[in-house]
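Notes for the one structure printed next.
The values are calculated or read from the model by the stated rules, or taken from the named source; none is laboratory data. Quick caveat, the model's predicted, so the values are computed rather than measured. Heads up, the Cβs are rebuilt from the backbone with ideal geometry, glycines too, and the neighbour counts pull from every protein chain shown. Areas reflect the complete protein model, heavy atoms only, side chains present, ligands, DNA and RNA absent. Shrake-Rupley method; radii C 1.70, N 1.55, O 1.52, S 1.80 Å.
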Amino acid sequence: MSSVHAATDPRQVISGLSMRWRQILVIAICVVLNGLDGFDVLSISFASPGIAKDWGIERGALGIVLSAELLGMAVGSFFLGNVADKIGRRPTAIGCLFVMSLGMFGAAHGTSIQELSLLRLITGLGIGGMLACTNAMVAEFANDRWRAAAIGIMAAGYPMGAIAGGAFASSLLVDGTWRDVFTFGGYVSAAMLPVLYFLVPETVGHIVQRNPDNALARVNRSLTAIGHAPVAALPADSGQERPRIALSRLMQPDLRSRTLLLLLAYFFHVMTFYYILKWIPKIVVDMGYAPSAAGGVLVWANVGGLIGSLLLSFLTLRFGLRYLMIGTLLMSTVMVVLFGRGQADLQGLAIAAAAAGFFTNAGMAGFYPLMAATFPTEARAGGTGFVIGLGRGGAVLGPVAAGFLFQFGAGLQGVSIAMGLGSLLGALAIIALHRVKSHA
């Protein structure tokens, strides 16, 4: 390795043909951070049967509690994604992780539905901002060849966290209470703070884009931290195109239609996704099984989701992402409807949940590289935050709508058909997005 890299654009250094092991390490840390998001979001699902039993709440009210952190995620993604484009991915991610840790510890000591809902809302703020940050960081630390696959693998961290955390949660529920689930999540989230602080530098793309007074020194620190030689100078256009207000940039003629169609696709599919992930434990408990067994079924849904996410990520190396996404969302609708038919035993429920999780989670994983490919660098975190933030309205709506459908007498099959239509509408929006890009 030469002492000073010949290239004057450090973004081209990172986008080269090979990936340094320290780049891979940083991306792996982002995968773990997304895994924390996965467990933190689903912790309320593992805890929900115990909460309903202890506090005697009905399904409609439980649906609101299940959606509280999803509302926080919507707000966090929208506003904190824009903050990450302004002050940096790294400091924003550190702040988000700190908020997540406090929210999880607080939830473990909640004394009422109102207090617990507020604490979950606060936790969701951190999770939403973290999602926007990790997506941008992986996109900007990966090289060109592996970018889409790396972002997909990062997204697969979500079910990885749910699987690993869910296994612990299920064991905790055998002898402990639902509060232990949140305590466990708080400790794990806090343990990642020093890892993020010491091992993840600011992205080179963000520093070049913002071009602060000490930009060259900061760029070279980041390059050195991920195993690349420093550069002698920055490109002449550094900082000339300052990030504009995210909404203003996203509504420019070149991005408006793409942004809105991507938002609609994400909004509709995320309704289906969170119906499966939020309601499985309560559905299984209402069938007469123990809460620990219900948690096991949710783990299997995430095992299917992990396999689906990883498979889609590697298929992007050979096939067009949009065609993969359209097929995945169509199959998501089919499998959610089949899940609604019910099964004769716990094993059958686990298999049906895994099949539904395979396609719903693969679809979620595919949205992240789709966002990274849609938005330019100066609006990547803000654009991702905008789509995730407003799209999380579907995440909030899904569990609430399902809860009231159940409460008003709709059976499992009817609710599953209604909620499965979200993925179908998402597929139609991606078809329209493909046509818009083809005519651009």
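Hey, does region 344-352 have a residue that's open to solvent by less than 10 Å² (accessible area, probe 1.4 Å) and in a helix (DSSP H, G or I)?
To start, the set of residues in region 344-352 that are open to solvent by less than 10 Å² (accessible area, probe 1.4 Å) comprises 349.
Retained after the next criterion (residues that are in a helix (DSSP H, G or I)): 349.
Yes, that holds for at least one residue.
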Task: The listed residue being within 21 Å of the chain's Cα centre (by Cα), open to solvent by less than 30 Å² (accessible area, probe 1.4 Å) and within 30 Å of D254 (Cα to Cα), out of G327, G398, G394, G357 - done: G394
Open item on the list: What's the total number of residues in region 316-329 that are within 21 Å of L306 (Cβ to Cβ) and either out of contact with any Ser or Thr (no Cβ under 7 Å at 6 or more places or on another chain) or of a type outside the set (A, V, I, L, M, F, W, C) (or both)?
Closed with: 8
- [ ] Select from region 62-118 the residues that are closer than 30 Å to P281 by Cα and of a type in the set (D, E, K, R) and write down the one among them that is most open to solvent (accessible area, probe 1.4 Å).
- [x] E115
Task: Contacts under 9 angstrom Cβ, first residue in region 162-173 being touching a residue at least 60 places away in the same chain (Cβ under 8 Å), partner among the acidic types (D, E) and open to solvent by 50 Å² or more (accessible area, probe 1.4 Å), 6 or more apart - done: A169/D180; L173/D180
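Out of S416, S332, report the one residue that is open to solvent by less than 40 Å² (accessible area, probe 1.4 Å), closer than 19 Å to V41 by Cβ and of a type in the set (S, T, N, Q).
S332
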Open item on the list: Could you go through region 286-293 and let me know if any residue there is modelled with pLDDT under 95, over 27 Å from I64 (Cβ atoms) and of a type in the set (D, E, K, R).
Closed with: no
- [ ] Could you look through region 192-215, keep only residues that are outside any helix (DSSP H, G or I) and loosely packed, with under 14 Cβ neighbours inside 10 Å, and pick out the one that is modelled with the highest pLDDT?
- [x] N214
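Kindly indicate whether V138 is without any contact (Cβ under 8 Å) to a residue 60 or more places away in the chain, within 30 Å of L321 (Cα to Cα), of a type in the set (V, I, T) and part of a helix (DSSP H, G or I). Quick ask: steps written out before the conclusion?
Values: without any contact (Cβ under 8 Å) to a residue 60 or more places away in the chain: no; within 30 Å of L321 (Cα to Cα): yes; of a type in the set (V, I, T): yes; part of a helix (DSSP H, G or I): yes.
Taking the combined requirement at face value, the residue does not satisfy it.
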TODO: Please work out if L125 is farther than 26 Å from S248 by Cβ, open to solvent by 10 Å² or more (accessible area, probe 1.4 Å), in a helix (DSSP H, G or I) and in contact with a helix residue (DSSP H, G or I) (Cβ under 9 Å, 6 or more places away or on another chain).
DONE: no
